[in-house]
Amino acid sequence: MAEPRRGFRVPPEVPTYFAEKGLKPGFSWLDVWGEEHAYAFTVAKAVDLELLTAFRDSIAKAIDAGQGFETWRAGLLPELERLGWARPRRVADPTGERPDAMVNFTAPGRLQTIFNSNMRSARAAGQWERIQRTKGALPYLLYVRSASAEPRVQHLAWAGIILPADDPWWVTHFPPNGWHCKCAVRQISRFERDQKLGQDGYSIEPPTLEMKPFVNKRTGEVTWVPEGIDPGWQTNPGLARARTLVTRMNRRLAEVGEAEARRVITENAASPTPRVISALPELVFLPVAVAPPALAAELGGVARIVEVSNTTMRAKTAKHGGSRAVGPETFAKVQAVIDAGTMVDEGRPGPVHRSIFAELGDGWWQAVVKAADGGRHYILSSLHAVKQRALADALARRAKNKGDE
């Protein structure tokens, strides 16, 4: 007889989000702030790297196995004993700004906070990634009442709010929205939205957004936080993760060789990241190709990578329809177009541009790449399907322009 399965099935996005975090020791919860939690794992007062590693690895294991708090705690306590943290110890602030503090990392309340905060943030990030993949069929999010026995008044006021998945309100109000917050969202269809709007307790108008200043006493930084959200929780873990992925990818691409850069870009193109990035409200540039020497020579710059802005991704997605419509995933074709294509100088005004035409398995495509910031960046300004004669027409225009010179 098969052994009964314990725990719960963990969506793959959840462990991926957590596994990409690095370690950042901190004396205060204010040392790792806001969106930094998307890529930095920290535990307040865990300034010892070995201790912090034990916490991170144990939570990663709990996420992978779908463990609950008690199972995780039972597995962690022997490791804390081994490291000498099974009893209260004095911890010094590395910055010297605060006096030493006695800390008991085995205290149930402290462990519960560490476990719940990391678990809920990881699940929220994973849920956001799935929402971006499925919002075509389920385009709305419903804020669900907190499961807490003593819910916060402000959070109760948000229960029943239904907004599009890409509404800016979710940038700050996608739960969890505070320490021990148990609020949730549920993704729903247009049909269910219309049904619920005929019932009491549902609305498409969120409360007026009132902001309050919060001063980080460790850094002096002032952050405006929405009323009802605990300072430090005013970010959407999924959005923060998407921005972090791009930042880390750009840093990595600047350090590796061409073969590795191509591999990283290919893997990224096959992931949900392009679709998530395209939905971000602020400007973000996504690497989509390695610039071969021929393109660099034509553009006269020093960049290694071709990038595309999420505003361009959205514009091309909205503009080009038909059987070869452009979507966020279409930008995976950029490398193939550049590698196999013919470059043409069409004499576009402004920065140096090159149009590149290539025939791929599904027909002809045109990419337009320009040099920006003095050639330190190569930006993809257009990608769209074209007819076979497009290359011949472009060559004719180039010949005509040269003849007019």
What list of ³J(HN,Hα) values in whole Hz, one per residue of the stretch 123-130 in order, does the Karplus curve 6.51 cos²θ - 1.76 cosθ + 1.60 (θ = phi - 60°) give from phi, with Gly and Pro shown as x?
5, 5, 5, x, 5, 4, 5, 5
With label points set 7 Å from each Cα along the Cα-to-Cβ direction at residue 362 and residue 283, the distance between them in nm comes to 2.9
Could you give me the ³J(HN,Hα) list for the stretch 358-366, computed from phi with Karplus coefficients 6.51, -1.76, 1.60 and θ = phi - 60°, whole Hz, x at Gly and Pro?
8, 9, 9, x, 9, x, 8, 10, 10
Only Lys, Arg, Asp and Glu count, each charged at its Cβ (+1, +1, -1, -1), so figure out the dipole size of the stretch 251-295 about its Cα centre, rounded to 20 debye.
80
The answer for residue 140, listing residues at least 5 apart or on another chain whose modeled amide H is closer than 5 Å to its amide H, is 165, 188
With unit charges on the beta carbon (Lys/Arg positive, Asp/Glu negative), name the residue among 139, 381, 276 whose Cα is farthest towards the positive pole of the charge dipole of the chain.
139
Roughly how many nanometres apart are two label points built 7 Å out from the Cα toward the Cβ at residue 348 and residue 387?
2.2
Amide H neighbours of residue 23 under 5 Å, counting only residues 5+ apart in sequence or on other chains, H built in-plane at 1.01 Å?
41
Would you work out if the chain is rounded, prolate or oblate? Take a ≥ b ≥ c from the square roots of the eigenvalues of the alpha-carbon gyration tensor; rounded if a/c is under 1.5, else prolate when a/b is larger than b/c, oblate otherwise.
prolate
So the FRET efficiency between residue 149 and residue 110, C-beta based with R0 = 30 Å and rounded to 0.05, is 0.90
Using the Karplus curve 6.51 cos²θ - 1.76 cosθ + 1.60 with θ = phi - 60°, what ³J(HN,Hα) values do you get for each residue of the stretch 372-380, in whole Hz, with x for Gly and Pro?
10, 6, x, x, 7, 9, 10, 10, 7
Quick one: putting +1 on the C-beta of Lys and Arg, -1 on the C-beta of Asp and Glu, what dipole do you get for the stretch 254-404 around its Cα centre, in Debye to the nearest 20?
540
Give the long-range amide H neighbours of residue 306: residues separated by 5 or more places, or on another chain, with amide H under 5 Å away, using H modelled in the peptide plane at 1.01 Å from N.
288, 289, 290, 291
Under a 10 Å cutoff between Cα atoms, tell me which one of 195, 127, 335 has the largest fluctuation in the Gaussian network model of the chain.
195
0 to 90° range, to nearest 10: angle between helix 237-253 axis and the chain longest Cα axis
60
Lysines with Cα under 19 Å of residue 45, excluding same-chain neighbours fewer than 8 positions away
21, 24, 217
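Could you work out how much longer the chain between residue 297 and residue 191 gets when fully extended? Use 0.36 nm per residue separation minus the Cα distance between them, nm to one decimal. Don't jump to the answer; show the numbers that get you there.
Working: separation 106, 0.36 × 106 = 38.16 nm, distance 5.37 nm.
Here the answer is 32.8 nm.
Mind putting a number on the dipole of the chain about its Cα centre? Charges go on the C-beta only, +1 for Lys and Arg and -1 for Asp and Glu, and I need it in Debye to the nearest 20. All intermediate terms of the calculation are to be shown ahead of the outcome.
On the way: 54 positive and 45 negative charges, 98 e Å.
Around 480 debye, computed over the chain.
Each reported figure results from applying straightforward, stated rules to the coordinates on display, with no laboratory input. Only a predicted model underlies this, so the values are computations on that prediction, with no experimental measurement involved. A quick note on method: Cβ atoms are made from the backbone with ideal geometry, for glycine too, and the neighbour counts reach across all protein chains shown.
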